[in-house]
Each structure stands twice: as structure tokens, then as C-alpha cells.
1. Just to be sure I understand, how many residues within the range 48-69 are more than 23 Å from residue 96 (Cα to Cα), in a helix (DSSP H, G or I) and charged (D, E, K, R)?
2. Among the helices (runs of 4 or more DSSP H) confined wholly to the range 89-190, which include 2 or more residues that are modelled with pLDDT under 95?
3. Just to be sure I understand, how many residues within the range 29-42 are crowded, with 17+ Cβ neighbours inside 10 Å and of a type outside the set (D, E, K, R)?
4. Among the residues of the range 191-219 satisfying the criterion of being in contact (Cβ under 8 Å) with a residue 24 or more places away in the chain and assigned to a loop (DSSP other than H, G, I, E, B), which is nearest to residue 166 (Cα to Cα)?
5. Assess whether residue 71 counts as being among the hydrophobic types (A, V, I, L, M, F, W, C) and farther than 23 Å from residue 194 by Cβ.
6. Just to be sure, is residue 93 in contact (Cβ under 8 Å) with a residue 60 or more places away in the chain and surrounded by 19 or more Cβ atoms within 10 Å (Cβ to Cβ)?
7. Check 243, 222 and return the single one that is among the small types (Gly, Ala, Ser), free of Cβ contacts under 8 Å to residues at least 40 places away in the same chain, over 22 Å from residue 130 (Cβ atoms) and not in a helix (DSSP H, G or I).
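The values are calculated or read from the model by the stated rules, or taken from the named source; none is laboratory data. What you see is a predicted model, and the numbers here were worked out from it, not measured in a lab. Reconstructed Cβ throughout: ideal geometry from the backbone, glycine too, with neighbour counts over all protein chains shown.
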Amino acid sequence: MRLDGKNVLVTGANRGLGRQLVRLLRAAGCAKVYEGVRRIEAPDSTDAVALDITKPDDITAAVVRCVDIEILINNAGVAGFTPLLGTPTTDNARNEMETNYFGTLAMCRAFAPVLKRNGGGAIVNVLSVVSWFNAPMQGSYCASKAAEWSLTKAVRFELRGQHTFVAGVHAGYIDTDMTAGLTAEKSSPADIARQILIGIENDEEEILADPRARALRTSLLGDYGPIDASMQKAWDDLQRSKGG
């Protein structure tokens, strides 16, 4: 998919990876890049959109504002980096699911009709390598990203018929505010953003954005193409049987 001339909405656009995505999308020649942010810090920013993806009213207003988009990049996410059992409450787990899973799902549901009207377009969900395995030190975050990965595959099945391209982005730790307290090796947000844009332009449904993602994909997962193809056929057959 060519980026030149496209209208794009990026969530979580005020910092880190989101900010780099906005910068590179504009450099790639996108006609308009909406910046979805929880708080608009510069009142005169014409492309800023007040958007907390856990708030239905914000999403409804964003659909009205961004009615011309052809690409939705679901980058907004949170991480508490806590275990599932070894923490006093389930507050982090609930927040991670509300944002990473339910928030992303709400965005996909709200903007799927917009993308259909605009020719199909694309949805790009920023996932993680921990979509594929669980690190118990951050068990609830991993669970939310596994759910978001599964969501991404399901949305792909459902939207293929309307010609909406759906991609998932996998990367290890990225050097952002979210990971500031971690000492592990990290990729730069600019490098990950660059790989995401390359993946979109090359129509990659699975964007492996750094060496860790590529290595883990090879070591952890086999070829799930056949099962995905069978699930796609089952979905398409069901829609035909219903006259859809």
C-alpha cells in the first residue's frame, strides 16, 4: 500500500513511537496525519485529536473528525509491568486489558465502516513480541498483548471481504517512556517506526520490526498459514450462507 497521499490516524501520538510514526508518515508524503492524544497540549495544533481509546465518547467524536482516513494505526497502549498474582490488586491487569484489548477493539469497530467507505484502507495494530509468550514479571501486560494479537487476526478475517488490510506489529523493548525503568536492550522508536512504514508499503500482515521479533518468530512459531487460510474460508463460507 502506498503511503503517499493517504490520510492517517495514529493513536498515542504525543510521544515515543507514536510521535516518530507521525513524523515519518508526513515525510512519506501522507496528505493528512491526525494525532490521537489523550490531552491536546498545543491548542492550535490543527491535526491533534482528543482521543482516549477507553472512552466511547472520544472515539465517536474521532470518527466524525477523521471521517476521511484510509489508514488507522492503533499505537496507544499501557503497561504496568506487574505479575498476575504477585501484586496487591488487579488494577494494572484491568487497565491493560481495557486499553490494549478493549480500546483497540473499540477503535477497529468504530473505524471499520469509515475505511470501507474510503476504499478499504488499512488497520495496523502495534503489538509486541510478548504477544507470543508470557514473561511472568509482566504477566498481565503479556496477557493483554496476546489478546490483542488474537483480536488482530480475527479482525483481519472479518475485514478481508471489504478489502481492508490488517497488520500486526511485533517488536521487543522500545526506548520510550513506557520502558524507562527497564535495563534491557531497546530499539529506537525511529527505527521501529521506519520498519512499520516499510511493512505497510510491502503489504506485510505480520511486521517484524526488530531483530528480537524476527528471532522469536522463527524459534517460537511454526507456519500457521494453513490454519489461518482454513479460518478465513470458514468465515467467508458463513457470510455467503447468510447472503452477506
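1. 1
2. Details: elements: 91-96, 104-117, 139-159.
Fully inside the range 89-190 and qualifying: 139-159.
3. Number satisfying all stated conditions: 5.
4. Across the range 191-219, the extreme among qualifying residues is 205.
5. Values: among the hydrophobic types (A, V, I, L, M, F, W, C): yes; farther than 23 Å from residue 194 by Cβ: no.
For residue 71, the condition - among the hydrophobic types (A, V, I, L, M, F, W, C) and farther than 23 Å from residue 194 by Cβ - is not met.
6. Working: in contact (Cβ under 8 Å) with a residue 60 or more places away in the chain: no; surrounded by 19 or more Cβ atoms within 10 Å (Cβ to Cβ): yes.
Against the criterion (in contact (Cβ under 8 Å) with a residue 60 or more places away in the chain and surrounded by 19 or more Cβ atoms within 10 Å (Cβ to Cβ)), residue 93 does not qualify.
7. On the way: 222 fails: over 22 Å from residue 130 (Cβ atoms).
Only one candidate qualifies: 243.
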